[in-house]
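Read through the structure below, which is laid out as structure tokens, and then see the notes.
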Amino acid sequence: MTFSTADIRQKFFDYFSQRGHQHVASSSLVPADDPTLLFTNAGMNQFKDVFLGAEKRSYTRAVSSQRCVRAGGKHNDLENVGYTARHHTFFEMLGNFSFGDYFKKEAIEFAWNFLTDELKLPKDKLLVTVYSEDDEAFDIWENHIGVPKDKIIRISTSDNFWSMGDTGPCGPCSEIFYDHGEHIWGGPPGTPEEDGDRFIEIWNLVFMQYNRQADGTMEPLPKPSIDTGMGLERISAILQHVHSNYEIDLFANLIKAAAQVVGAEDLSNKSLRVIADHIRSCSFLICDGVMPGNEGRGYVLRRIIRRAVRHGYQLGAKDIFFFKLVGALVVEMGQAYPELADQQPVIEKVLRVEEEQFSKTLARGMAMLQDTIANLDGKTIPGDVVFKLYDTYGFPTDLTNDIAREHDVEIDEEGFKKAMQQQRQRAQQASQFGADYNNTIKVEHETRFTGYEQVEGQATVLELIVN
Ligand code: ATP
Ligand code: MG
Ligand code: MG
Ligand code: MG
């Protein structure tokens, strides 16, 4: 028997509700009162203050399916979409939580029993990781659950030690992986081939047991807590006997719809997967109030829309098409997320306007870029070309990079930044002399969103901000 994605979500709720967990609805993709976070990227986000002890709830166990976007900030999977079987920009994270209630042993038991009793996953296909120093978790897996020693892998990196920030709650994690079989490239966690898609992580269990102080010391929390996250699309792939998330029921239908609107025939085309992924993130972001713009969250949304539109163009779309997929998405997800169905007309309108605007310059930009690539001397697209594409044709640098990667070439980021700088200086000088440059500067170069960069401290975020 195979389960639909909707069945699996429901089974998860039922399993944990029957075990005393309060069902809590997904929160918005725009985190409430948390300027340090670009988008909601995990089920625990909405419970942050409960874990910190700053907020009390009437329950100590919760279950949810949280809509998440990982397309910027600390977790950025945008560049993985179209390249791995397991990453989306938008996905649903199933989670069970304990706020000072049960701890390690019960959390491991719940997860294992859900997977092997309830969903009937074959035990021999599962392996688990623990933090290298977490002997307690190792012992529970080995002696209480009965997982063979050679299928419990100790990991010493931060992948298996979770923290909320530089200070505050933190603790070791234990991740559960599924082996999709020898015919797929990849190695178990902790090996050089771990990034392949043979062994796919399905569930992450976080054991919050310390409170890290400013001086680095770790005080045991008086009431340790549990935070878990399982990707709904990943577990659906396993239960539907497919390898890639993009082959599950929900995606198969979205991909079919995408193929129809752009007139493509090969349903396994990578660009169709990207479009199907992007319609989810873009629609849900707009549904949660994000509008395409030139900075911060709005700029991430604009970049994702433009990437999707470019992939459609690549497939030969003759007309604007992206907004036409909202209906198909509502069919797939409108029941679980009624707000999506309610907002359908707004989402379609926003996408349509954005697509119309970009399609005015897309073909000419593509022609210029293809010409440059065809005549490239070496492997790097010069910074002034990247800048012209950005400034004149509305190509965000990550879009140009996406195309470059398909041709196995790179973009000159430094040269691009220099060209940006020069443009800024010209604009400044011009304004000193009273000239009106407003017509030539199509995007706002300065941004007020420096928060993410400082918080996450990642180079990729800087790029997002400068643009
Ligand atoms: P990976 O190592 O595969 O990138 P992760 O360790 O970054 O995953 P977590 O932060 O532990 O993921 O998130 C909890 C769960 O959410 C994962 O075990 C996985 O099932 C799911 N998940 C994480 N990122 C994605 C994504 N981009 N698309 C779909 N599911 C995801
Ligand atoms: Mg990841
Ligand atoms: Mg991982
Ligand atoms: Mg993980």
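For segment 98-126, a residue qualifies if it is in contact (Cβ under 8 Å) with a residue 60 or more places away in the chain and within 16 Å of ligand 4 (Cβ to nearest atom), and the qualifying residues are Ala107, Ile108, Ala111, Leu115.
Hey, can you tell me all the residues within segment 182-224 that are away from ligand 3 (no atom under 11 Å from the Cβ) and open to solvent by less than 10 Å² (accessible area, probe 1.4 Å)?
If the condition is that a residue be away from ligand 3 (no atom under 11 Å from the Cβ) and open to solvent by less than 10 Å² (accessible area, probe 1.4 Å), then Gly187, Gly196, Leu205, Val206, Phe207, Met208 are the ones that fit.
Selection within segment 59-77: residues that are at pLDDT 95 or above and more than 11 Å from ligand 1 (Cβ to nearest atom). The member of this set that is surrounded by the fewest Cβ atoms within 10 Å (Cβ to Cβ) is Tyr59. Checking Asn96, Asn41, Asn113, Asn80 one by one, the residue that is within 15 Å of ligand 1 (Cβ to nearest atom), open to solvent by 40 Å² or more (accessible area, probe 1.4 Å) and under 22 Å from Ala237 (Cα atoms) is Asn80 and no other. Scanning segment 166-186 for residues that are on the phi < 0 side of the Ramachandran plot and either aromatic (Phe, Trp, Tyr) or more than 16 Å from ligand 4 (Cβ to nearest atom) (or both) yields Asp166, Thr167, Pro169, Phe177, Tyr178, Asp179, His180, Glu182, His183, Ile184, Trp185. Within segment 44-58, being part of a helix (DSSP H, G or I) and either crowded, with 19+ Cβ neighbours inside 10 Å or touching an Asp or Glu at 6+ places or on another chain (Cβ under 9 Å) (or both) holds for Met44, Asn45, Gln46, Phe47, Lys48, Asp49, Val50, Phe51.
Within segment 411-434, residues that are at negative phi and assigned to a loop (DSSP other than H, G, I, E, B) have Cβ atoms under 9 Å from residues that are at pLDDT 85 or above and among the small types (Gly, Ala, Ser) in these pairs: Asp412/Gly383, counting only partners at least 6 apart in sequence or on another chain.
Among the residues of segment 307-331, those identified as in a helix (DSSP H, G or I) and open to solvent by 20 Å² or more (accessible area, probe 1.4 Å) are Tyr313, Gln314, Phe323, Lys324, Gly327, Ala328, Val330, Val331.
The values are calculated or read from the model by the stated rules, or taken from the named source; none is laboratory data. Just so you know, these numbers come straight off a predicted model, no measurement behind them. Heads up, the Cβs are rebuilt from the backbone with ideal geometry, glycines too, and the neighbour counts pull from every protein chain shown. Each accessible area value is taken on the protein alone, full model and side chains, heavy atoms only, with ligands, DNA and RNA left out. Shrake-Rupley method; radii C 1.70, N 1.55, O 1.52, S 1.80 Å.
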